[in-house]
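Peer 1: Here it is, the structure, as structure tokens.
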Amino acid sequence: MARILALFISSLAILGLQAQHISPDTLQLQVDVVFLSSNLLKGREAGTPYEKEAATYIARRFEEIGLQPKGTEGWFQPFDFTYKPNPHSETGEKRTGVNVVGYLDNGTPTTVIIGAHFDHLGMGHFGSRHVGEAAIHNGADDNASGVAALLCLAEKLKHSSLKGHNYLFIAFSAEELGLYGSKYFADHPTIDLNQAAYMINMDMVGRLNAERKLVANGAGTSPAWKDALRQIDTLGIHIVTTESGVGPSDHTSFYLKNIPVLHFFTGQHADYHKPQDDSEYINYGGLADICQLIYNLIAQLNSQPQLEFRKTKDESQRQGAAFKVSLGVMPDYTYDGKGMRVDAVIDGRAGAKAGMQNGDIIIQIGDVTVNDIYDYMEGLSQFRKGDQTQVVVLRNGKTLTLDVVFQ
Ligand SMILES: [Zn+2]
């Protein structure tokens, strides 16, 4: 019931935003997201005919915008990969995926790479959090939103006076199955990667919420990022940065080639990797603002040559702590206060049974004080199924101690 009410309220909020923000940008973003995440494309799983249809649509849009083809076969860069529905299985199925690559040549030595993956989970046989019968995973936020923003940036840069760099636009495939498309491109680039100025990745940028928080992962990969982010007009969007260049998306493939990267992300939600990640929940006005914000960042860096690269301490390695248990909650990745804020509590799991609620801020698990999401993970790694502990949360400013039994 709470869930239905929340969805109802957010739908009203979205309708309100659309009414206020209908600009040509917003309308085109909506057209791109709605088509890519429609049932016609059956979830755009890499190696299927639906992935090829999505790729063709993106290539037509690149052409319409006036980019040049920069794949290996026109707009396309096909690549082979092994699909393993179970990551532990020895054998897999050979498949061919396809990246879509467009170029804007300004006749300069250096090139900015802008990317977003367009594949998703198809019917949910791999990587889905859906329980029950196979269903189309439309992937509107993940990542039709990023592709729409990629097209929006291509359109803006095509008509802009920013000629300090060339621009390469890549729609990656097979990201969901293991970053295969971006790895392939980074190993078989169609431009000289030594001349790359920096790389921007957009993965899940469609759910800018009322707090208007946008995560920029990888801000430690160049000393230039934070200054630039501070100097630009963010349109009232509050940017939360993380340092690491390694994360679960395509920018990692470029970071590992010593290219400064930034990954934009509007945060995790309860529909993540479920059939409910649909186009009606996208904040199109917010998406248009994110496109403009990234354009402003590119403008800020227009006269800078290649950004200086820094290796980062890879925080995500701490995620390697072995989990035998979970609380069954979705972390709020946009939260930058002390503790770990819960975005959504999943029914029937340990957290829900202990009385945890959406919006609770976890500040302690057992003996571990939780200052951030990494402490939270470390806290969880101490327990096994059947263990009991106390989890301390902040709710409306009050401290509550909950008794948790790990299932
Ligand atoms: Zn994604």
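Peer 1: Tell me, what are the semi-axes, in whole angstrom and largest first, of the equivalent ellipsoid of the range 321-405 as set by the roots of 5 times the Cα gyration tensor eigenvalues?
Peer 2: Listed largest to smallest, the semi-axes of the range 321-405 are 17, 14, 12 Å.
Peer 1: Among Gly127, Gly386, Gly71, whose mean-square fluctuation peaks in a Gaussian network model of the chain (Cα, cutoff 10 Å)?
Peer 2: Per the Cα network of the chain with a 10 Å cutoff, Gly386 tops the list.
Peer 1: Something else now. Does the range 240-317 come out rounded, prolate or oblate by the C-alpha gyration tensor, with a ≥ b ≥ c the root eigenvalues, rounded set by a/c under 1.5 and, if not, prolate when a/b is larger than b/c and oblate if not?
Peer 2: Verdict is oblate for the range 240-317.
Peer 1: Any idea what angle helix 24-36 forms with the longest principal axis of the chain, computed on alpha-carbon atoms, 0 to 90 degrees, nearest 10?
Peer 2: Value to nearest ten degrees: 70.
Peer 1: Let me ask another. Before I look further, what does the chain give for accessible area per residue, probe 1.4 Å, in whole square angstrom?
Peer 2: Counting only protein heavy atoms, the per-residue value for the chain is 43 Å².
Peer 1: Over 18 Å apart: what share of the alpha carbon pairs of the range 75-130 falls there, rounded to a whole percent?
Peer 2: Value for the range 75-130 (Cα pairs over 18 Å): 55 percent.
Peer 1: When the accessible area of the range 156-260 is computed with all protein chains present and a 1.4 Å probe, what percentage of it is carbon and sulfur?
Peer 2: 49 percent
Peer 1: Against the longest principal axis of the chain, how steep is helix 2-20, in degrees 0 to 90 to the nearest 10, with axes from Cα atoms?
Peer 2: For 2-20 against the chain, the angle is about 30 degrees.
Peer 1: Could you tell me which of the pairs Lys42/Lys338; Lys158/Lys311; Lys163/Lys338; Lys42/Lys183; Lys84/Lys385 are separated by over 30 angstrom between their Cα atoms in the structure shown?
Peer 2: Pairs exceeding 30 Å: Lys42/Lys338; Lys158/Lys311; Lys163/Lys338.
Peer 1: From the phi of every residue in the range 42-53, what ³J(HN,Hα) in whole Hz does the Karplus formula 6.51 cos²θ - 1.76 cosθ + 1.60 yield, where θ is phi - 60° and glycine or proline is x?
Peer 2: With coefficients 6.51, -1.76 and 1.60, one gets 6, x, 6, 6, 4, x, 10, x, 6, 4, 5, 5 Hz.
Peer 1: Further question: Which is farthest toward the positive dipole end of the range 2-315 among Ser253, Ala299, Ala144, measuring Cα position about the Cα centre, with Cβ charges +1 (Lys, Arg) and -1 (Asp, Glu)?
Peer 2: Ala299
Peer 1: Tell me the Rg and the Dmax, in Å, that the Cα atoms of the chain produce.
Peer 2: Computed over the Cα atoms of the chain, radius of gyration and Dmax are 21.0, 63 Å.
Peer 1: Phe406: net charge of surrounding residues, Cβ under 9 Å, Lys/Arg +1, Asp/Glu -1, itself excluded?
Peer 2: Net charge around Phe406: +2.
The values are calculated or read from the model by the stated rules, or taken from the named source; none is laboratory data. Just so you know, these numbers come straight off a predicted model, no measurement behind them. All Cβ positions, even for glycine, are placed from backbone atoms using ideal geometry, and neighbour counts span all protein chains on display. Quick note on the areas: whole protein, heavy atoms, side chains included, nothing else; ligands and nucleic acids left out. Shrake-Rupley method; radii C 1.70, N 1.55, O 1.52, S 1.80 Å.
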